[in-house]
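Take a look at the structure below.
Nothing in this text is a laboratory measurement; each read-out follows from the coordinates by a stated rule. The shown structure was predicted, so the numbers you read here are calculated from the model rather than taken from an experiment. Ideal geometry is used to build each Cβ from the backbone, glycine not excepted, and the neighbour counts take in all protein chains shown.
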Amino acid sequence: MSLGRVAFSLEELTRESGLSAIAAKFQLLRLGGKVVRVSPRQPFFLIVSPEHRSLGAPPANWWLQDYFDWLGRPYYLALQSAASSLGSNPQALQVTQVMTDRPCRALKVGRIQVRFFVKRGIQRTPTQQPAGAVAPLWVSTPEATAYDLIRYASRIGGIERAAETIRPLLPLLRDRELKRVLDAENEPAIAQRLGFVVEACGNKLLARIIRDWLPDELTPVTLAPAKGNRDNLPLVKRWQVLNNSGELQI
């Protein structure tokens, strides 16, 4: 703590202290609630300072970088958690949402919960370090966050919830960076849905950028991915989107 650290691995502790693994574990047990393990299967520990005693662990944003450095895997703060760090907080979040490259079990340490989402080709996603962060932390850019919110909408409460989160982000989206995300992801169906949502939220300039990126001939897609009969859904021709949302309209 005196060095500004809130996380460490058992291997690091034994190397720095000279203790054996068994002796180190015994010493950690003696500390009680001042040190917690991130999961029963992983020898990675968090230091719980007095101000975080009621939570049972420090905030996830304080130790995610150390945790993924220890795992040796890529990550970034994503979806509604990323949007919240950028100032979009339409709903109070109880879980920290993190993108990584392969499946991980959710973590619950004290009252801190972390849910993981999988994205193949995660290295293509533009990320940034937030200004004034307590600890190093990779967060998806506003443009990548908006794109991910559409891509994973069905897992975060639906397309309406995604649109509700995207709307406050729109002033932060930059033309060039939006094109960069579209090029990197190269998924026309997701771009069609994103364009529809952006236009429904009232930003015609950004919607035009997305439409210009898309091919002239589009395959119709439902706004919210769904199975079943699509015959009676209204088609928005500009985006070739079958609108199965009860709230979003153009």
Per residue of the range 39-48, what does 6.51 cos²θ - 1.76 cosθ + 1.60 with θ = phi - 60° give for ³J(HN,Hα)? Whole Hz please, x for Gly and Pro, Karplus curve as stated.
7, x, 9, 10, x, 10, 10, 10, 8, 9
Using Cα atoms only, what is the angle between the long axis of helix 21-30 and the major principal axis of the chain, expressed in degrees (0 to 90) to the nearest 10?
90
Net charge of neighbours whose Cβ lies under 14 Å from the Cβ of Ser49, counting Lys and Arg as +1 and Asp and Glu as -1
+2
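Local charge sum around Asp175 (other residues, Cβ-Cβ under 15 Å, Lys/Arg +1, Asp/Glu -1)?
Values: positive: Arg174, Arg176, Lys179, Arg180, Lys204, Arg208, Arg211; negative: Glu143, Glu177, Asp183, Asp212.
Every neighbour counted, the sum reads +3.
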For the chain, the longest principal axis of the Cα atoms and the Cα long axis of helix 175-185 enclose an angle in degrees, to the nearest 10, of 80
Helix axis angle, 204-213 relative to the chain longest principal axis, alpha carbon, degrees
90
Taking Cα centroids, how far is the range 1-61 from the range 99-137 in Å?
20
Taking placed amide H atoms and a strict 5 Å upper bound, the residues 5 or more places from Thr96 or on another chain that come that close are Gln113, Val114, Arg115
Counting only pairs 8 or more places apart or on different chains, how many lysine pairs in the chain have C-alpha atoms closer than 20 Å?
5
Amide H of Ala57: which non-local residues (sequence gap of 5 or more, or other chain) have their own amide H closer than 5 Å, using H built in the peptide plane?
Arg111
Applying the Karplus parametrisation 6.51 cos²θ - 1.76 cosθ + 1.60 with θ = phi - 60° to the phi angles of the range 136-153, what ³J(HN,Hα) value in whole Hz is obtained for each residue in order, glycine and proline being reported as x?
x, 7, 8, 10, 4, 5, x, 5, 5, 5, 4, 4, 4, 4, 6, 4, 10, 4
